[in-house]
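Comments concern the structure below.
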Amino acid sequence: MFRQAKWDEPLIFELSKPGRVGFTLPEPVEDIEVQIPEDLMRKSLELPEVSEPEVVKHYIRLAEMNYGVDSGIYPLGSCTMKYNPKINEEFANHPKVAFIHPYQDPRTVQGALQIMWELEQWLKEITGMDRFTLQPAAGANGEFTGVMIIRAYHLDRGEAQRNEIIVPDSAHGTNPASAAMAGFKVIEIPSNEQGMVDLEALENAVSERTAGIMLTNPNTLGIFEEDILEIAKIVHKAGGLLYYDGANLNGILGKIRPGDMGFDVVHINLHKTFSTPHGGGGPGAGPVGVKKHLVDYLPVPLVEFDGEKYYLNYDLPKSIGKVKEFYGNFAVLVRALTYLKIMGRDGLREVAEIAVLNANYLTQKLKGTRGYELPHKELRKHEVVFSAEPMRKEMGIKALDVAKRLLDFGLHAPTIYFPLIVHEALMIEPTETVSKEELDAYVEALKRISEEAYTNPEIVKSAPHNTAVRRVDDVLATKKPIITWRMYKEFKRKGEVDY
Amino acid sequence: MGKHYIPNSAHKEEMLGEIGFKSIEDLFSDVPKGFVKEFNLPEGKSEYEVFLEMNEILNKNKTVLEMPTFLGAGAYFHYVPAHVKHLIERSEFITSYTPYQAEISQGMLQALFEYQSLIGELVGLEIVNASMYDWGTALGEAARMAARVKKKNKFVVPKHIHPERNMVLKTFVEGADIEIEYVKWNEKGQVDLEELKEKAKNAAGVYVELPNFFGIIEEQIKEIGEIAHENDALFVVGVDPTILGIIEAPGSLGADIVVGEASFLGSALNFGGPRAGIFATKNERALIRQMPGRIIGMTRDTEGKRAFVMTLQTREQHIRRAKATSNICSNEALVAVAAAIHLASLGPKGLEKLGEIILKNTAYFKKRLSEVAEISFDAINFKDVPATFEIPYPIIHERLLERGIHGGFYLKPYFPELGETALLAVTETTRREWIEALVKNVREIINEAEL
Ligand SMILES: Cc1ncc(COP(=O)(O)O)c(C=O)c1O
């Protein structure tokens, strides 16, 4: 299990010693004097002065205090923290990727355009969509793209009154936030006791104002929306469109396609399903696919192939425009295509099957453990959401405490307090890339925490004990925000902080 | 294929048996029958076969290392120190995610706090977030934020805003009923103050770029800020951070919000992505509350030890949902960390020197370019130089390419009033021989065309 280093590592600013340099620059091609107007000249600049070996040691020590997928199981629900194949990195860092400029003549970047075109073909077949844009930088950027497309579609048809987007209460926060950003009113509908969309509530919510519904399937409880065909019928009949949040595509990959279930727009997270690394928060990529009737509204440019050469097509008069500069996070696209080529049809199906097997294995092994309960139906897809509500009621131990105690065992915590409809939620997504032993160890750790909760609750409440720092005071962080070195220095000068 | 990533492929029966299922299909009994299908996709391949295939595809690219390239226009060839690339490929960084569990993510949290701090020093503002997707989306968020803070719906930008960024901005404000007004440029290729004074009336925000899209340093940036403030508008400055070793911090020039492109430090060109948007603002409650994106703060642990954590989260989508300040969730953390490592390695003198080298190289380039073209404006340029040619620029582009040189970015499709003008750029990576070769070949091409 992961053993986190405990360095008392200063800030890079605190390592600064006047005169040290960390990099040597080339000389100018000619030493020409250029006069910058006096009032625009830089007066002072406080950056650290450190040498290259110090920079390297500093960041290595920081790395040693960080947990990644390569450190151990990372079952953050909804995030699909699967193993990131190293071959992907080799190509993402390839000089033929690193050293090409986005405005190069298309004849000089045929390889790059081919990668984008090929990736689009894979994504089309995997999702059952007719065309894709690879431009969005992440899932939420993809959602915004998708709802803007829905907006453009209705406006184009003279249906400006369609200004409502329906979102189930189990939805990820980005869904309502993206819809609101596009100018929609968000209508939230409740889930039923099975954890699925309540059809009656949906019937009542749709009207001539409905622009569409945003759905995640399998949903954020890890449950497959069995009534999906009925849902599609209700929404389409009302004149609305179906948006598929592809965050959970890993649960059905290579088996069934959103396009066949009635979805009109989808986004995919390449940093989840297609193995590109999460980078400590990003970069990811959130390609958006649409059915034929929405192709005209996709962002520009699209990548085309005329049988001989690849080119960028800006000629889309009804396009929503751009949602991100250039063509998206290209180096991420390179990784995803590398992965797809290795996996192939059978590999992708295997991904979903084992991801689902692992999640259900964990569900069954953990089920019945004192303090945790399993709301909603039992059969899950790629993830499961337990509730620590009994533990909280009986012993005052919250999901947060369970999460922190897991860290003591060198294991990453699940996602907690999401989805919002489960109290004290522990949302566990093992992915297909963990072994049976890792699953067993995780279940063991959760069982041990349950035992501790009822015998020695203090040790859980005061966790973590073994990490680089003890439980972090986030209330203080909000009460006294220190966001940058310059703020910190000011507090320090006034003697208001002693850390 | 790809089973080497999936350990439990070898234990299906055993695991199914242990939990009382007969087959994998039982796990999918909730999926509508009839919809499960065989996909029309290629079979998987070995890593070696894919290695060959990807290399073959990529070898069709011609890089800026293989032909002198004078493209800039919002993406620049800078050299990134090797150690930066090594450090961000450390698997604890690259394979981690958003630091939801602070205690086990102190490394990433501190690295991001340092990024915020370094950018804070550069731009002269105290509040910096942990990155937006890129400069363009950061600008879109800034316009929306200005409208929320000022409760007005007009955002004023220069007509010579980067066209790519302008398109992103327009999409971002579309659903918020914000109207974009454009201010023309003057004879120096800079914002026309007289027109700005008119258009800034009732504006929520006024935006200017440093340097601007023509590569020109807006010399009246302070006056632009004053006009914004006289009209009770937020002053938003977009920066290329590589200029900030020689140009005053925008925060000291009156900026309320600074946006920009962090990936100009620490990242390769990568065909335009990933990038990372800088987003910074003043330390004022009304502004912080409306800020988009994740923010890392310094605090302490239960034993009083310094620690870092995500903070001020009540602005964000996972809490506020439809009322959030932005929908952003995943950001560009690793790109931000790369920028931070590059910046820390440069230090104050290095960043100043980088700015000077680029300024001098641009001046030399301009001088040489003026032998074969007319430089469009009399001003100070940084990286980009707009130049007008006697013959249609596409001809020059074509002939240069035949000779193994890549010219600049043709402006006519975006600014027809500029005629046969292209934006050509240099940085600290540009070699003297490249400039010689460009000038010599352009001269020959023009002579040939005029014969
Ligand atoms: C269900 C769901 N939808 C959307 C998103 C947003 O994706 P991203 O973080 O890439 O913007 C996430 C991820 O965090 C998610 O889990």
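No value in this document is a laboratory result; all are computed from the given coordinates. Small disclaimer: the values here were computed from a predicted structure and weren't measured. We place every Cβ from the backbone using ideal geometry, glycine too, and count neighbours over all the protein chains shown.
Partner chain Cβ atoms within 10 Å, averaged over the residues of B:331-342 - can you pull that number for me?
5
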Whole-Hz ³J(HN,Hα) from phi, Karplus 6.51 cos²θ - 1.76 cosθ + 1.60, for the range B:191-199, glycine and proline x: 3, 7, 5, 4, 5, 4, 4, 5, 6
Which listed pairs, of B:K150/B:K197; A:K82/B:K85; A:K291/B:K154; B:K151/B:K199; A:K43/B:K197; A:K309/B:K85, have C-alpha distances above 26 Å, in listed order: A:K291/B:K154; A:K43/B:K197; A:K309/B:K85
Mean separation of Cα contacts under 8 Å (6+ apart) over length of the range B:82-343, as relative contact order %: 26
Distant-in-sequence amide H partners of B:I127 (H built 1.01 Å from N, under 5 Å): B:T281, B:N283
Averaged over A:483-494, number of beta-carbon atoms from partner chains that fall within 10 Å: 6
Point-charge dipole on Cβ atoms (K/R +1, D/E -1) for the range B:82-343, about Cα centre, debye to 20: 900
Theoretical FRET efficiency, 1/(1+(r/R0)^6), r = Cβ-Cβ of A:K6 and A:R448, R0 35 Å, to 0.05: 0.95
Two-site label geometry, B:E374 and A:S462: point separation in nm, points 7 Å out along Cα→Cβ: 8.0
Cut-off under 5 Å, modelled amide H: who pairs with B:Y410 long-range: B:L423
Given charges at Cβ of Lys, Arg, Asp, Glu: chain B dipole, positive-most of B:T98, B:G407, B:I161: B:T98
Cα centroid separation - the range A:353-414 against the range A:178-243, whole Å: 27
Extension gain (nm, one decimal) between B:N59 and B:T302, 0.36 nm per residue minus Cα-Cα: 82.0 nm
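Compactness ratio of the range B:195-324: Cα Rg over 2.2 N^0.38 Å, N = residue count?
So the range B:195-324 has a normalised radius of gyration of 1.25.
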Model label zone, B:K201; criterion: amide N under 18 Å from point 7 Å along Cα-to-beta-carbon; scope the range B:153-171: B:153-157
Gyration tensor (Cα) of the protein assembly as shown, equivalent ellipsoid semi-axes in angstrom: 44, 32, 27
Binned Cα-Cα distances of the range A:72-188, short to long, each 10 Å bin given as a whole percent: 11, 27, 33, 21, 8, 0
Enclosed volume per residue, in Å³, of the convex hull spanned by Cα atoms of the range A:88-342: 120
Rounded FRET efficiency, nearest 0.05, which uses the C-beta distance separating B:I180 from B:A286 and R0 of 22 Å: 0.45
Per-residue ³J(HN,Hα) for the range A:286-294, Karplus 6.51 cos²θ - 1.76 cosθ + 1.60, θ = phi - 60°, Hz, x for Gly and Pro: x, x, 10, x, 9, 7, 2, 5, 10
0 to 90° range, to nearest 10: angle between helix B:47-58 axis and chain B longest Cα axis: 20
Farthest positive-ward along the range A:26-66 dipole, Cα basis, beta-carbon charges - from A:L45, A:V55, A:P28: A:V55
Ordering of A:48-54, A:8-14 by burial proxy (mean other Cβ atoms within 10 Å per residue, highest first): A:48-54, A:8-14
Inter-centroid distance (Cα atoms) of the range B:241-317 relative to the range B:71-113, Å: 14
Integer Hz, Karplus 6.51/-1.76/1.60 couplings in order for the range A:255-266, x for Gly and Pro: 10, 9, 10, x, x, 7, 8, x, 6, 9, 9, 9
Calculated [θ] (222 nm, deg cm²/dmol) that DSSP helices of n ≥ 4 give over chain B, each run adding -39,500 (n - 2.57): -11500 deg cm²/dmol
For the range B:82-343, the spread of Cα positions along each principal axis, largest first, Å: 57, 40, 31
Distance from the range A:90-147 to the range A:422-499 (C-alpha centre basis), Å: 37
For chain A, calculated [θ]222 nm from helices alone, where every DSSP H run of n ≥ 4 adds -39500 (n - 2.57): -11000 deg cm²/dmol
Alpha carbon Rg of the range A:370-473, scaled by the compact-globule rule 2.2 N^0.38 Å: 1.03
Under 5 Å, built H, 5+ apart or other chain: amide partners of B:G205: B:K154, B:V156, B:L234
Leading residue at positive end of dipole, the protein assembly as shown (Cβ point charges), from B:A344, A:V469, A:G139: A:V469
Acute angle (nearest 10 degrees) that the helix B:163-174 long axis makes with the longest principal axis of chain B, alpha-carbon atoms: 60
Per residue, the convex hull volume that the Cα atoms of the range A:188-240 enclose (Å³): 70
Check: chain B dipole with +1 on Lys, Arg Cβ and -1 on Asp, Glu Cβ, in debye: 920
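From other protein chains only, count the Cβ atoms within 10 Å of every residue's Cβ in B:398-404, then give the mean.
Rounded to a whole number, the mean comes out at 1.
Give the residue list of trypsin sites (Lys or Arg not before Pro) in the range A:12-58 that are DSSP loop and have at most 14 other beta-carbon atoms within 10 angstrom.
Here the sparse-neighbourhood loop sites are A:K43.
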Computed over chain B, the ratio Rg/Rh where both radii use C-alpha atoms and Rh is Kirkwood: 1.04
Label-reachable residues, the range A:234-265, where backbone N falls under 12 Å from a point 7 Å from A:N313's Cα toward its Cβ: none
Share of Cα-Cα pairs in the range A:1-115 lying beyond 19 Å, as whole percent: 74
Scattering profile of chain A at q = 0.06, 0.12 Å⁻¹ [log10 I(q)/I(0), Debye over alpha-carbon scatterers]: -0.34, -1.21
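Taking the Cα centre as origin and putting +1 on Lys and Arg beta-carbons and -1 on Asp and Glu beta-carbons, what dipole magnitude results for the protein assembly as shown, to the nearest 20 debye?
1460
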